[in-house]
Amino acid sequence: QVQLVESGGGLVQPGGSLRLSCAASGTIWLIYAMGWYRQPPGKQRELVATITNGGRSNYADSVKGRFTISRDNAGNTVYLQMSGLKPEDTAVYYCNAHETPFDYWGKGILVTVSS
């Protein structure tokens, strides 16, 4: 099993930047990919970005060019660098780890973009 703990959320003004971190523990050597999802108020959870063990990344169209996902060499931590934040980026952000055939989730962290 994998445990995930997110950090780095908070309140930021439009146009600002924020970095989210997700620390993984447990059977991390079995993780194939990690990623970030978000759930805006009143909406369903949606993909933000993912990154595989090989470093291949994938982004939602809405965040391309603004967000960057990365992973440390040990594979323990995944980051989401967010810049050019918009009010529509306001959501609870969830860390995900995929260990075939299982998906693990963090508890989520709130990001609020508002002036």
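The values are calculated or read from the model by the stated rules, or taken from the named source; none is laboratory data. These numbers were taken from a predicted model, which means no experiment stands behind them. FYI the Cβ positions are ideal-geometry reconstructions off the backbone, even for glycines, and counts take in every protein chain you see. Accessible surface is based on the protein model in full, side chains and every heavy atom, while ligands, DNA and RNA are left aside. Shrake-Rupley method; radii C 1.70, N 1.55, O 1.52, S 1.80 Å.
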| task | Please state which of the following conditions Gly9 fails to meet, knowing it meets all the rest: (1) closer than 17 Å to Tyr104 by Cβ; (2) surrounded by 13 or more Cβ atoms within 10 Å (Cβ to Cβ); (3) in contact with a Phe, Trp or Tyr (Cβ under 7 Å, 6 or more places away or on another chain). | result | (1)
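Anything in the stretch 87-102 that is open to solvent by less than 80 Å² (accessible area, probe 1.4 Å) and either without any contact (Cβ under 8 Å) to a residue 12 or more places away in the chain or not in a helix (DSSP H, G or I) (or both)? List them, or say none.
Selection gives Thr90, Ala91, Val92, Tyr93, Tyr94, Cys95, Asn96, Ala97, His98, Glu99.
Could you check how many residues of the stretch 18-46 are more than 14 Å from the chain's Cα centre (by Cα) and either of a type in the set (Ser, Thr, Tyr) or surrounded by 13 or more Cβ atoms within 10 Å (Cβ to Cβ) (or both)?
7
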| note | Reported set for the stretch 8-51 where residues are aromatic (Phe, Trp, Tyr) and at pLDDT 95 or above is Trp36, Tyr37
| message | Yes or no: the stretch 78-92 includes at least one residue that is within 15 Å of Val2 (Cβ to Cβ) and under 11 Å from the mean Cα position of the chain (by Cα). | response | yes
| field | Residue within the stretch 56-65 that is in contact (Cβ under 8 Å) with a residue 40 or more places away in the chain, surrounded by fewer than 16 Cβ atoms within 10 Å (Cβ to Cβ) and not charged (D, E, K, R) present | value | no
